[in-house]
Amino acid sequence: MTNPFLSPKIPSPCFVLEEQKLINNLELMQRVQNESGASIILALKGFSMWSVFPIVKQYLKGCTASSAWEAQLAADTFGSEVHAYSPAYKDYDMDVLVQHCNHISFNSLTQWQRYRKQVAAHGISVGLRINPEHREAETELYDPSAPGSRLGIPAAQLEGVDLTGIEGFHVHNLCECDSFALERTLAAVEERFAKWLPQMKWLNLGGGHLMTRKGYDVDHLIAQLKRLRETYDLEIILEPGSAVAWQTGPLVSEVVDIVENNGQIAILDISATGHMPDVLEMPYRPAITGADLPGVQAHTYKLGGNSCLAGDVIGEYSFANELQPGDRIIFEDMMHYTMVKTTFFNGVEHPSIGILRSNGEFDLVRQFNYADFKGRLS
């Protein structure tokens, strides 16, 4: 079967979302909602490709925003419920958020006190982000419960505080975790915060629930959510980003040149620092269609980006055939937490955005040009 991403109809570089795979993920999430009674909303910080929101909103209850601009994007392109959480809000942020949001969670008691009257005047349901002081994320960069974290209120800081007006708690400490990590987190939440739960209307369990990953125990997740909802008579909310767009499409790139320096180096028309920053920040090794670890197949290359950053290197991969300029390199699973982090660094050509429809047709929904690059700065 011909690889559809080799088609000349798809430009390079290009992020390509596979419509049917997105629908499959959403159908699984719909099952979780139906069987658990929980609500699932889309975390825009992980996936904000609004050209497919007409599909997403057929399944999910709304969006969660990490900023005023994300809240505006949710209101403009998704509709339905808009929830918000940020480590801190400025007056401008709050003026925007109260126009669009149904729920707003505060990161500190001082922020809540500062804006409580303004939020209450707009009839918005108010929550506090709590810190369960329980660690599950494998990468420190993504661990909200690491010692010294700025995210969330420890239970000790709520002792003796009048929480009148607070309707919910927001807890998030997972990152691409399974349902058993959630179970352990819930045990920590109940141990530290159980005495406040009966007075709450809702509990937002944040993101990191990778329910669409192969092997995830969906039944166990549903059981955890049902138990929590029934025990405390709470509305349970999940706000995954990765799980929505998990394995729904690649970043298509091409080889521009091959150079030699202690081995073969393929220079691509994308940039790790500009278009896949987690490769350098975590770091992590993205999967490439048809490629393997160095030395496994006949020809090994270091893959480098097309920017001036010396460390703009993706890693070493082996291929069955020699690479030539114009050959396509397909980086898999690039829809979540990748498109949202791209930059125009060095003026490297920014990847286009397209959709491979369920019927096999390709729609190019956005190409970027010099005006987009120029408009980022002044």
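Remarks
- Segment 269-301, residues that are β-branched (Val, Ile, Thr) and either surrounded by fewer than 14 Cβ atoms within 10 Å (Cβ to Cβ) or assigned to a loop (DSSP other than H, G, I, E, B) (or both): ILE270, THR289, VAL296
- Scanning segment 104-123 turns up no residue that is surrounded by fewer than 16 Cβ atoms within 10 Å (Cβ to Cβ) and under 30 Å from LEU280 (Cβ atoms).
- If only residues of segment 15-25 that are surrounded by fewer than 22 Cβ atoms within 10 Å (Cβ to Cβ) and in contact with a Leu (Cβ under 8 Å, 6 or more places away or on another chain) are counted, the one that is farthest from LEU268 (Cα to Cα) is GLU19.
- Annotation note: of HIS134, HIS122, the sole residue that is closer than 24 Å to THR185 by Cα and touching a helix residue (DSSP H, G or I) at 6+ places or on another chain (Cβ under 8 Å) is HIS134.
- Condition met for ASP162 (surrounded by fewer than 15 Cβ atoms within 10 Å (Cβ to Cβ) and either part of a loop (DSSP other than H, G, I, E, B) or hydroxyl-bearing (Ser, Thr, Tyr) (or both)): yes
- Near pairs, Cβ below 7 angstrom, 6+ apart or cross-chain, from segment 166-191 (under 17 Å from ILE237 (Cα atoms)) to any residue that is acidic (Asp, Glu): ASN173/GLU136; LEU174/GLU136; CYS177/GLU136; ASP178/ASP217; SER179/ASP217; ALA181/GLU136; THR185/GLU136
- Members of segment 160-184 found to be out of contact with any Leu (no Cβ under 6 Å at 6 or more places or on another chain) and of a type in the set (Phe, Trp, Tyr), listed by number: PHE180
- Looking across ALA43, ALA65, ALA74, one residue alone is farther than 28 Å from SER271 by Cα and hydrophobic (A, V, I, L, M, F, W, C). It is ALA74.
- Picking from residues in segment 347-369 that are small (Gly, Ala, Ser) and in a loop (DSSP other than H, G, I, E, B), the one that is nearest to PRO4 (Cα to Cα) is GLY360.
- Considering residues of segment 305-329 that are in a strand (DSSP E or B) and under 25 Å from the mean Cα position of the chain (by Cα) only, the residue surrounded by the fewest Cβ atoms within 10 Å (Cβ to Cβ): VAL313
- Scanning segment 248-268 for residues being buried (at least 20 other Cβ atoms within 10 Å of the Cβ) and either under 18 Å from PRO294 (Cα atoms) or of a type outside the set (Val, Ile, Thr) (or both) gives a total of 6.
- When VAL82, VAL126, VAL119 are checked against the criterion of being assigned to a helix (DSSP H, G or I) and either among the acidic types (Asp, Glu) or touching a residue at least 12 places away in the same chain (Cβ under 8 Å) (or both), VAL119 stands alone in meeting it.
- Search result, residues across segment 137-153 that are in a loop (DSSP other than H, G, I, E, B) and surrounded by 14 or more Cβ atoms within 10 Å (Cβ to Cβ): ALA137, ASP143, PRO144, SER145, ALA146, SER149, LEU151, GLY152
Taken together, the values in this text are just the output of simple stated rules run on the coordinates, not laboratory data. Note that the coordinates shown come from a computational prediction; the quantities given were computed from them, not determined experimentally. Please note: Cβ atoms are built from the backbone with ideal geometry, for glycine as well, and neighbour counts cover all protein chains shown.
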